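The values are calculated or read from the model by the stated rules, or taken from the named source; none is laboratory data. Keep in mind that this is a model prediction, so the values were computed, not measured. Using ideal geometry, Cβ is built from the backbone for each residue, glycine included, and neighbour counts are taken over all protein chains shown. Heads up: the accessible areas ignore ligands, DNA and RNA and are worked out on the full protein's heavy atoms, side chains in. Shrake-Rupley method; radii C 1.70, N 1.55, O 1.52, S 1.80 Å.
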Amino acid sequence: MIGFLRRILLIDIFKGLALTLRYTYSKVYTEQYPREKVKLAERYRGAPRLNNDPETGETLCISCDLCAEACPEDLIVVSSVRDPESRKKVLTEYTFDTSRCLFCGLCQEVCPTNAIELTQDFELATYDRKSMLWNRARLEKGWDRIEGHKVYHK
Amino acid sequence: MDEPTILDAQELEINMGPQHPATHGVLRVKLKLDGERVLDADCVIGYLHRGVEKISENRTYTKCLPYYDRTDYIAAVSNALGYVLGVEKLMEIEVPERAVTVRIMMTEFNRIASHLLWLATHALDIGALTVFLYCFREREEILKLFENLFGARLTTHAFRIGGLWMDLPPGFEEAARKFIDEFPARVDEYEQLLTNNRIWIDRTKGIGVISGEEAIDYGLSGPPLRGSGVPYDLRRSRPYGGYDQYEFDVPVGLNGDTYDRYLIRMEEMRQSRRIIQQTLDRLPGGPIRGKVPRIIKPPVGEYYSGIEGPRGELGYYIVSDGSAFPFRVRIRPPTFINLQALKRLVKGHLVADVIAIIGTLDVVLGEIDR
Amino acid sequence: MSEENKPPGAAPEDQPEQKKSGAPAAPAGGGEAKAAQPKPPAAKKPPAKKLPSYEELTDDPLLKDLRGRFPNGIVSGQSFLGQPIYTTALELLGDVMLYLRGSEWAFDYLVDLTCLDYLGDPKRLCMVYHLYSHKSGRLIRIKARAAADEMVPSMSTIWRTADWLEREAFDMYGVEFSGHPDLRRILLPEDWVGYPLRKDYDIKLQDQAWIRKHLRIRKVPE
């Protein structure tokens with residue numbers, strides 16, 4: 001009998017409606033993404049960056065090639081020459097193909113000097129495929145400081 | 001008279017998908033209809049085939065891991081767990097207690113996130129829009145936890161062979177506790193919207209009924225199998241990765257219909273929360289990564305590592321030939337096998353019920369096609 | 001048509017050797033002659049740490065039962081990391097499976113069906129079945145070796161699970177199953193040429209003719 005009444009009077013549907021009504025006047029959960037900048041976690045793996053020593057401004061990369069070895073997609077190419085005097089490897093060029101990147105973070109995991117790092121930038125869309133291949137200058141500058149790149153959130 | 005035309009035909013063949021919002025990806029179902037009634041269904045899959053198994057054969061054991069996030073992208077953490085457990089077994093690597101506990105915690109978080117996404121989309125398919133919004137709100141909280149710990153929200157690259165990438169970030173435990181404290185009330189809210197809702201019951205009760213025996217014959221696993229009353233949960237039946245030390249119940253259904261499978265997943269979310277509670281209470285200190293050789297070269301051998309993913313039995317059959325590359329990594333995809341039963345489940349139902357049945361099987365096409 | 005377009009399996013010799021050899025030491029023994037020999041990999045273990053290895057099953061009731069019932073059918077019974085492996089002859093595979101399902105062992109659940117490719121071996125394909133019994137909670141692995149052109153009995157009449165799994169094995173390895181109701185490709189397009197998971201199918205190999213025909217993409221010359 002009670003079950004019948006519940007069914008006839010749509011009690012359970014009204015219970016659900018009461019719940020939605022309650023939420024109508026509660027805090028808004030959504031983030032207004034393009035207008036609001038998203039706060040990402042410190043560990044977030046986004047656009048790659050090749051770090052420089054903050055004091056001297058020289059690159060931290062020692063051209064050990066470990067990142068290229070660790071990359072599952074083989075998208076990192078490190079080229080270097082050996083300095084005849086100090087017998088050290090000197091980085092000449094570093095390319096990173098973001099179009100194939102899995103953002104798995106294995107490159108930054110193996111890096112002994114924290115030179116390659118995946119940063120919190122994530123707006124990587126470009127208008128052509130060619131500009132997804134990043135060279136050293138671009139990697140060192142960081143994604144949002146490149147000329148002509150429009151940062152979406154203002 | 002003349003030759004029969006399409007208008008005279010009693011049976012009509014139509015395509016559902018691959019671009020159909022309710023097929024959860026690129027699933028194409030060829031339906032043979034008599035009016036609104038389904039006579040037969042044939043699934044066409046493979047639109048998302050990327051050859052993950054072939055890729056694994058050409059990568060080292062460590063490099064394989066990110067690819068498995070992309071098979072079942074809703075449950076990337078579970079995928080990683082199955083694989084690392086298999087390789088650790090082959091290599092006989094000891095994993096520290098802290099890493100084991102964190103792994104279980106995150107896998108259960110992933111189960112909740114996956115079930116939330118399932119509930120959201122399943123309810124959306126059937127017509128309940130509100131649940132979708134609420135579920136995504138809670139899922140967002142879990143994804144934030146993933147982002148803080150793993151550094152990514154969806155393709156997490158969660159675990160490493162031998163342990164974890166990094167330890168829990170500061171504030172993580174509090175955030176996790178806050179979530180699980182609030183969560184039961186949220187599940188009650190979903191249930192308030194659906195469980196006794198007349199429309200929901202009419203759309204799901206008695207739809208896609210399969211008996212336990214038949215479910216086993218079709219090789220179903222996960223909630224579709226438990227919905228038919230078979231208490232097969234790998235966390236219980238063949239415990240792995242330390243699950244034998246946790247207390248939880250395995251819910252089973254009675255009727256094997258869509259409604260029962262819905263109730264089971266709701267209960268599983270509560271049970272997962274219970275497991276997370278226990279992991280947080282006992283979270284030991286110590287290292288997060290065991291002793292792992294620099295180059296991972298398992299000895300010649302093979303191991304089948306099966307885990308209970310959110311969708312059913314997820315297995316990794318790893319064959320090693322002693323080199324640094326796996327000889328074969330076979331992924332036993334739970335939804336690939338569950339989807340096979342679609343043909344049987346939809347027979348005799350209406351077209352609208354096909355959507356409910358696809359939803360209740362909780363298919364993820366990334367995993368079906370690999 | 002370039003070299004890429006060759007159907008794999010036609011000439012495995014002239015394919016370049018990949019990073020790893022195509023034919024590793026076959027673990028589970030192919031054919032009767034091979035199983036009698038001791039395992040080659042077990043001999044060259046480093047003495048420092050005892051690594052897991054294949055062990056012969058000695059006191060296994062299922063192996064005894066199977067050996068008694070199918071004297072010619074069971075090639076070997078081994079275990080690796082506690083997971084039992086039974087290798088059967090291909091001719092009796094169907095009978096053994098039917099017995100495992102129907103008898104008191106009650107392996108009613110086909111967990112997985114897949115295939116391995118030992119390139120260079122006369123019986124290059126190795127069917128692998130994982131069976132589980134809901135009654136006893138046992139998980140076993142059945143293996144059977146087959147040559148590339150040999151018919152493998154279909155399990156789809158014993159377990160319905162096998163239907164799609166066998167289609168996948170056909171798709172990826174080109175295994176022909178006898179008695180399968182509907183054996184066609186499942187993941188790849190129907191008119192694709194080649195079996196991608198075979199070891200002589202390079203990872204960069206694609207059916208160029210198919211791509212040209214359906215996608216109208218020409219391969220960029222390197």
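Mean-square fluctuations from a GNM of chain B, with a 10 angstrom spring cutoff on Cα atoms, peak among B:TYR68, B:TYR47, B:TYR316 at B:TYR47.
If you take the square roots of the eigenvalues of the alpha-carbon gyration tensor of the protein assembly as shown and sort them as a ≥ b ≥ c, do you get rounded (a/c under 1.5), prolate (a/b over b/c) or oblate? Because its axes are fairly even, with a/c under 1.5, the protein assembly as shown counts as rounded.
Per-residue extension of 0.36 nm, minus the Cα-Cα distance of B:ALA352 and B:ASP34, leaves a gain of 113.1 nm for this segment. Here the protein assembly as shown has 54 percent of its accessible surface on carbon and sulfur atoms, given a 1.4 Å probe and all protein chains in place. Summary of the geometry: the stretch C:120-161 and the stretch A:3-32, compared by the centres of their Cα atoms, lie 53 Å apart. Average accessible surface for the protein assembly as shown: 44 Å² per residue, computed with a 1.4 Å probe over protein heavy atoms with every protein chain in place. Among the residues of C:111-118, the average count of other protein chain beta-carbon atoms within 10 Å of the residue beta-carbon is 6. Any chance you could give the angle, 0 to 90 degrees and rounded to 10, that helix B:76-91 forms with the longest Cα principal axis of chain B? Relative to chain B, helix B:76-91 is tipped by roughly 50 degrees. Principal semi-axes of the equivalent ellipsoid, √(5λ) from the alpha carbon gyration tensor of the stretch B:4-72, are 40, 11, 8 Å from largest down.
For the segment C:123-130, counting C-beta atoms of other chains within 10 Å of every residue's C-beta and taking the mean gives 2. When you restrict to C-alpha pairs under 8 Å that are six or more residues apart and normalise by the size of the stretch B:229-309, the relative contact order lands at 34 percent.
Take the accessible area of C alone and of B alone, subtract that of the pair with a 1.4 Å probe, and the total buried over both chains is about 4600 Å². The accessible-area ordering, largest first, of the residues C:LYS199, B:LYS347, B:LYS32 stands as B:LYS347, B:LYS32, C:LYS199, per a 1.4 angstrom probe.
Here is the list for the stretch A:13-55: trypsin sites (Lys or Arg not before Pro) lying in DSSP coil, each with at most 10 other C-beta atoms within 10 angstrom of its C-beta, are A:LYS27, A:ARG35, A:LYS39. Counting Cβ atoms of other protein chains within 10 Å of each Cβ in A:99-112 and taking the mean gives 3. Axis of helix A:11-24 versus longest Cα principal axis of chain A: the two differ by about 50°, to the nearest ten degrees. Interface residues of the stretch A:21-45, defined as a loss of at least 50 Å² in heavy-atom accessible area between the chain alone and the complex of all protein chains with a 1.4 Å probe, are A:TYR23, A:TYR29, A:ALA41, A:ARG43, A:ARG45.
Against chain B, whose longest principal axis is taken from its Cα atoms, helix B:172-194 shows a tilt of about 10°. To the nearest 10, the accessible area of C:HIS214 is 90 Å² with a 1.4 Å probe.
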